[in-house]
Amino acid sequence: MMKRSFMILCTVLYCFAVKAQTKEPTTYKTAKGISYYADTTTLDQYARITCKLDIYYPTNIKNFPTVIWFHGGGLTGGGLEVPKALMEKGFAVIGVGYRLSPKVKAPAYINDATAATAWAFKHIAEYGGRNDLIFMSGHSAGGYLDMMVTLDKSNLAAYGIDANKIAGLIPFSSQCITHFTVRKEEGIAETQPAIDGYAPLQYIRADAPPTILITGDREMELLGRYEENAYTWRVFKLKGHKNVRLYELQGYDHGGMAEPAFPMLVREVRALTKAIVDPKSVKK
């Protein structure tokens, strides 16, 4: 009898131990159509329809990081998206819709991107995330918006936010000089380079957040996009920035480079998050 009781006790304890060691799977939810401008009464109909975001987030874990994702499309096309490649990765993804040219001109779409980023800083804690773990990413025109919001500190400063609080800047195939659509709005040919107040290159500084620049193959990219990013990387280094890297995905064109870039984004978000949350774990 004593032996049997002992065996039952061991079985019960084993079951409790297994249950304790079994990690509950992370579940996710999407909140759609959130207006990121606080006062929508000042917006026209186009802005009220377009200036919204979707947030895809974990529901049973807390203090997670967040990736803000801006779609590509040359600032003239595309629409709000939460990429499938970023789902179920342990972090939130905010897909942002923004106004497009020619219905609006610069800086309207930059203002939209800034407002959406400010919304994330002010509201992500309500969903369980940390506002010191917000990462900026996007493809092509989306990457351009990432860089403008992050590097031109005056944008987020208008909302009382220090752009250096962004945890990481990871654009895909971004335009780093003045965007060709902005140049077109000003009557400048897309093949005529320009660097002015609408160029991320204008705002590079040593204290910017960690930056990972990713492009496609230089021989297959759009309009010298690799070279723009390579020069941007060099200027970062010349300015004294300590955490900037450049990756060229050989064999991939402008559109195709996103596929291999997504796993790199996930890896970088996790690594940078670990460096913030547990800095002692990072090897010097």
- Any chance you could look up the accessible area of Glu227 with a 1.4 Å probe, heavy atoms only, rounded to 10 Å²? 90
- Message: Quick check: from the Cα gyration tensor, does region 173-216 come out rounded (a/c under 1.5), prolate or oblate?
- Response: oblate
- Message: Let me make sure I get this right: for region 229-273, a, b and c are the square roots of the gyration tensor eigenvalues over alpha carbons, sorted descending. Under 1.5 in a/c it's rounded, otherwise prolate if a/b > b/c, else oblate. Which is it?
- Response: oblate
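Largest first, how would Thr76, Thr66 line up by accessible area (1.4 Å probe)?
Reading off the accessible areas and sorting them downward yields Thr76, Thr66.
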- Can you send over the solvent-accessible area of Ser35, 1.4 Å probe, protein chains only, in Å² to the nearest 10? 50
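Between rounded, prolate and oblate, where does region 66-218 land on the alpha carbon gyration tensor, with a ≥ b ≥ c its root eigenvalues, rounded for a/c under 1.5, else prolate if a/b exceeds b/c? Write down the numbers at each step before the final one.
Details: a/c = 1.60, a/b = 1.45, b/c = 1.10.
Judged from the Cα gyration tensor, region 66-218 comes out prolate (a/c at least 1.5, a/b above b/c).
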- Message: Quick check: residue separation of Glu190 and Glu227 times 0.36 nm, minus the Cα distance between them. What number comes out in nm?
- Response: 11.8 nm
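Would you work out what percent of the accessible area of the chain, with all protein chains in place, is carbon or sulfur (probe 1.4 Å)?
With neighbouring chains kept in place, the figure for the chain is 56 percent.
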- Mind checking the alpha-carbon convex hull of the chain and giving the volume per residue in Å³? 161
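May I ask you to rank His241, His254 by accessible area, largest first, using a 1.4 Å probe over the protein chains only? Each step should come with its number before you reach the end.
On the way: His241 10, His254 30 Å².
In descending accessible area the options line up as His254, His241.
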- Task: Enumerate the aspartates and glutamates that Lys103 could reach by cross-link, defined here as Cα to Cα under 18 Å, with residues fewer than 8 away along the same chain left out.
- Result: Asp44, Asp112, Glu185, Glu186
- Could you pull the Cα extents of region 55-99 along its three principal axes, largest to smallest, in whole Å? 37, 18, 12
- Task: Roll a 1.4 Å probe over the protein chains and send me the accessible area per residue for region 134-272 in Å².
- Result: 40
- Query: Of Leu265, Leu246, Leu53, which has the largest mean-square fluctuation in a 10 Å C-alpha GNM of the chain?
  - Reply: Leu246
- Query: So between Asp44 and Val277, what do we pick up on full extension, going 0.36 nm a residue minus the alpha carbon distance?
  - Reply: 79.7 nm
- Message: Can you tell me, using C-alpha contacts under 8 Å and at least 6 residues apart, the relative contact order of region 47-120 as a whole percent?
- Response: 37
- Message: Filter the chain for me: DSSP H helices, axial length by Cα at least 20 angstrom, mean Kyte-Doolittle hydropathy not below 0.5. List them by residue number.
- Response: 2-21, 258-277
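The values are calculated or read from the model by the stated rules, or taken from the named source; none is laboratory data. Owing to the predicted nature of the structure, the values given are computational and were not obtained by experimental measurement. All accessible areas refer to the heavy atoms of the entire protein, side chains included, with ligands and DNA or RNA removed. Shrake-Rupley method; radii C 1.70, N 1.55, O 1.52, S 1.80 Å.
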